[in-house]
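Step one of this worksheet: look at the structure below.
The values are calculated or read from the model by the stated rules, or taken from the named source; none is laboratory data. The shown structure was predicted, so the numbers you read here are calculated from the model rather than taken from an experiment. Cβ: placed from backbone, ideal geometry, glycine included. Neighbour counts: every protein chain shown.
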Amino acid sequence: MREAEYYRKTSETEVKVRVKLDGTGSSNVSTGISFLDHMLKSLATHSLIDLNVEARGDLSHHVIEDVAICLGEALRRALGDAANVKRFGYAIVPMDCSLAFAAIDLSNRPYPKIDLKLEGGSVENMRCEDIYHFLETLANSLRANIHIWVQYGLNDHHKVEAAFKALALSLRQAVSIDAERAGIPSSKGLL
């Protein structure tokens, strides 16, 4: 089935995320933070994971964090025991002046390593520290190694967009079914 939904309601936020791993990249995203919406739509488009996100909350930081928590949880639940998936994914994406790399391991061991080389304090209506926090929280919630780095770029918007597209392509590869594999992609027999 490879789809799941995750709902989280706190005194600060209310977030609902639904994912379908074997989708077409369709998305319906509403967080109240236009740049986050843009990045999530791009993530869906390039990962081919159908994504629905409804979020509201008191502060942008809380919404951003809880969307990342819910997205990671929904993806993890959709993966189940991760039998027959490729597990690893990587990509290099240019966007105008910027070049971004991403690599992911659906290892069940969270580890974020993010270097976007952002120079300003915000990108559109999202603080740079919250962009980093979103990606780090996603890695922790998904329980994945996520390494993203921007090699160069002149425009912070392009750096972040290239990074999200690289993450999307990496995720697409990692969650895809490996026709040559039977079972869990680990010598331990368990992720």
Exercise for review: Return yes or no: is Pro94 surrounded by 17 or more Cβ atoms within 10 Å (Cβ to Cβ) and either out of contact with any Lys or Arg (no Cβ under 6 Å at 6 or more places or on another chain) or more than 25 Å from Asp178 (Cβ to Cβ) (or both)?
Suggested key: no
Review point. What are the residues in region 5-27 that are out of contact with any Gly (no Cβ under 9 Å at 6 or more places or on another chain), touching a residue at least 40 places away in the same chain (Cβ under 8 Å) and not β-branched (Val, Ile, Thr), if any?
Key: Glu5, Tyr7, Arg8, Lys16, Arg18, Lys20, Leu21
Point to revise | Residue satisfying condition, being farther than 15 Å from Ser176 by Cβ and either buried (at least 21 other Cβ atoms within 10 Å of the Cβ) or not hydroxyl-bearing (Ser, Thr, Tyr) (or both), within set Ala100, Ala82, Ala78 | key: Ala100
Review point. What number goes with the only condition from (1) surrounded by 18 or more Cβ atoms within 10 Å (Cβ to Cβ); (2) at pLDDT 95 or above that Leu191 does not pass?
Key: (2)
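Per-residue answers, yes or no, for (1) more than 24 Å from Ser26 (Cα to Cα); (2) surrounded by fewer than 14 Cβ atoms within 10 Å (Cβ to Cβ):
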residue: Ile114; (1), (2): yes, no
residue: Glu124; (1), (2): no, yes
residue: His133; (1), (2): yes, no
residue: Val160; (1), (2): no, no
residue: Gln173; (1), (2): no, no
residue: Ser176; (1), (2): no, no
residue: Ser187; (1), (2): yes, yes
**Study point:** Qualifying positions in region 1-45 - within 15 Å of Val175 (Cβ to Cβ), part of a strand (DSSP E or B) and charged (D, E, K, R)
**Key:** Glu3, Lys20
